[in-house]
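Trainee: Before I ask anything, let me first share the structure, which is written out below as structure tokens.
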Amino acid sequence: MGRLPDGWFAGPPEITYDRDEILVVGTLPEPEGAKGGDAEAQAAARHARIEAFREETRQQRMHIADDAEDKFGRKVAWGAECGGDREIFTTLSIPVMTRLRMRERAVLDTLVEANVARSRSEALAWCVQLVREHEGDWIRQLRDALEHVDEARAAGPEPR
């Protein structure tokens, strides 16, 4: 995204996307007041830095997002990271149509009954997050394989 002002982040932003959304997360420099203080003061200073960035850049971010949404046909979400603290300002929550059988619904209901989640939807999101955390290498291998499939398709003949 060459449209981002140079002074916004302390390096190139992390840009991730899927078929629905583009997420732009930039690293902000750690505030001077955060160094040397206790952990609570450091966290408060980092949070204040992120909130200040959010407010000060809101209009520009909205303009950039509008242009990117027109160009790419996806919503743009924003976030910032400072000293390891990460906050996402806006992001989509996409409803997912599922056809779960009784055994799968029982798992979700157990998570709700155990107060791990408030609803089946939240329980499903929790399960996805758990898989993402514990099966990261496997997911990465699948994504790498999909890249190779895309490369092979691009090198092949045009569809009729």
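Trainee: Compute, for residue 138, the solvent-accessible surface of its heavy atoms (probe 1.4 Å) with the complete set of protein chains present, and express it in square angstrom to the nearest 10.
Mentor: 130
Trainee: Which of 86, 118, 140 moves the most in a Gaussian network model of the chain with Cα springs under 10 Å?
Mentor: 140
Trainee: What accessible surface, in Å², does a 1.4 Å probe find on residue 72, ignoring ligands, DNA and RNA and rounding to the nearest 10?
Mentor: For residue 72, the solvent-accessible surface is approximately 110 Å².
Trainee: Under a point-charge model restricted to the Cβ atoms of Lys and Arg (+1) and Asp and Glu (-1), what is the dipole moment magnitude of the chain relative to its Cα centre, in debye to the nearest 20?
Mentor: Values: 23 positive and 31 negative charges, 138 e Å.
Rounded to the nearest 20 debye, it is 660 debye.
Trainee: In a GNM of the chain with a 10 Å cut-off on Cα contacts, which of 131, 76, 25 has the highest mean-square fluctuation?
Mentor: Highest fluctuation among the options: 131.
Trainee: Could you state how much accessible area residue 63 has, in square angstrom rounded to the nearest 10, with a 1.4 Å probe and all protein chains kept in place?
Mentor: Accessible surface of residue 63 is approximately 100 Å².
Trainee: Rank 65, 114, 145 by mean-square fluctuation in a GNM of the chain with C-alpha springs under 10 angstrom and give only the top-ranked residue.
Mentor: It is 145.
Trainee: Give me the percent of accessible area attributable to carbon and sulfur for the chain, probe 1.4 angstrom.
Mentor: Numbers: 6260 of 12110 Å².
Answer for the chain is 52 percent, counting heavy atoms of protein chains only.
Trainee: Which order do 127, 82 take when ranked by solvent-accessible area (1.4 Å probe, heavy atoms of all protein chains), largest first? Mind showing how you got there, number by number?
Mentor: Values: 127 35, 82 0 Å².
Listed by decreasing accessible area, they come as 127, 82.
Trainee: Using a probe radius of 1.4 Å on heavy atoms only, what accessible surface per residue do you get for the chain? Whole Å² is fine. All intermediate terms of the calculation are to be shown ahead of the outcome.
Mentor: Working: 12110 Å² over 160 residues.
With the other protein chains kept in place, the chain gives 76 Å² per residue.
Trainee: Another question, then. So what's the gap between the Cα centers of segment 91-160 and segment 62-76, to the nearest angstrom?
Mentor: 25
The values are calculated or read from the model by the stated rules, or taken from the named source; none is laboratory data. All values derive from a computational prediction rather than experimental measurement. Don't worry about glycine lacking a Cβ; one is built from the backbone with ideal geometry, like all the others, and counts go over all protein chains shown. Side chains included, ligands, DNA and RNA excluded: accessible areas come from the protein's heavy atoms. Shrake-Rupley method; radii C 1.70, N 1.55, O 1.52, S 1.80 Å.
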